[in-house]
Amino acid sequence: MLVERLSLAEAGRTTVRRLSGGLRQRLALAMAVVGRPEMVFLDEPTAGLDPQSRRATWELIRELKADGVTVVLTTHLLDEAERLADQVAIIDRGRLVASGTPDEITGDDHEVRFTGRPRLDLAELREALPTEVVVTEPAPGQYLLRGAVEPQTLATVTAWCASHGVMPQNLSVGKRSLEEVFLELTGSAAVRAPAPTERTEPQ
């Protein structure tokens with residue numbers, strides 16, 4: 001039942017105006033989907049929710065999609081769009097700046113990130129890598145490789161680090177996120193997903 005799924009039972013005898021912001025948000029979501037509509041519009045459905053309620057909302061949206069319901073979701077939480085959306089439209093100041101699947105928007109290129117001593121001389125590393133791989137130091141001690149990253153690319157990086165006495169800390173390989181693409185396209189700060197201690201529902 002939606003009441004149980006969205007933890008609304010505790011508020012069964014409370015008037016709407018006395019509900020907390022998070023409970024009102026969950027109630028609005030339940031009212032939007034209770035009739036299993038063919039299409040549902042959800043505007044910031046997880047705003048003000050604690051992490052558990054946020055996950056429950058994600059699962060409910062996934063089930064609606066699996067049942068053939070068209071879900072139009074607006075959100076400033078780009079990790080949420082990346083997890084839930086089949087098609088994404090990025091709008092900046094009322095202008096459509098990108099659209100497509102999350103993979104189409106983020107592209108096929110991968111990234112290698114690691115931290116080390118600031119201001120390392122990257123010339124030799126650049127020469128050892130394919131020309132399509134771009135190496136930068138976007139912040140002191142934070143190094144980024146972006147392009148057609150393959151297993152040999154990672155081996156080249158670790159070998160270069162070893163030869164220069166560099167311990168590559170926080171070494172990671174992945175794709176660009178929607179948030180990074182958003183920042184590149186708009187030049188403005190995206191809203192990150194809140195940590196468990198940052199945005200929680202009032203008790």
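Just so you know, all these numbers are worked out from the coordinates, no wet-lab data involved. Because the structure is predicted, anything quoted here is derived from the model rather than measured. Neighbour counts are summed over all protein chains in view; Cβ atoms, including those assigned to glycine, are modelled from backbone coordinates with ideal geometry.
Brief remarks on what is shown
- Loop sites in the range 68-166: GluC sites (Glu not before Pro), DSSP, at most 13 other Cβ within 10 Å: GLU132
- Charge tally for THR186 (other residues, Cβ to Cβ under 14 Å; Lys, Arg +1; Asp, Glu -1): -2.
- Scaled against 2.2 N^0.38 Å for its residue count N, the alpha carbon radius of gyration of the range 108-175 is 0.98.
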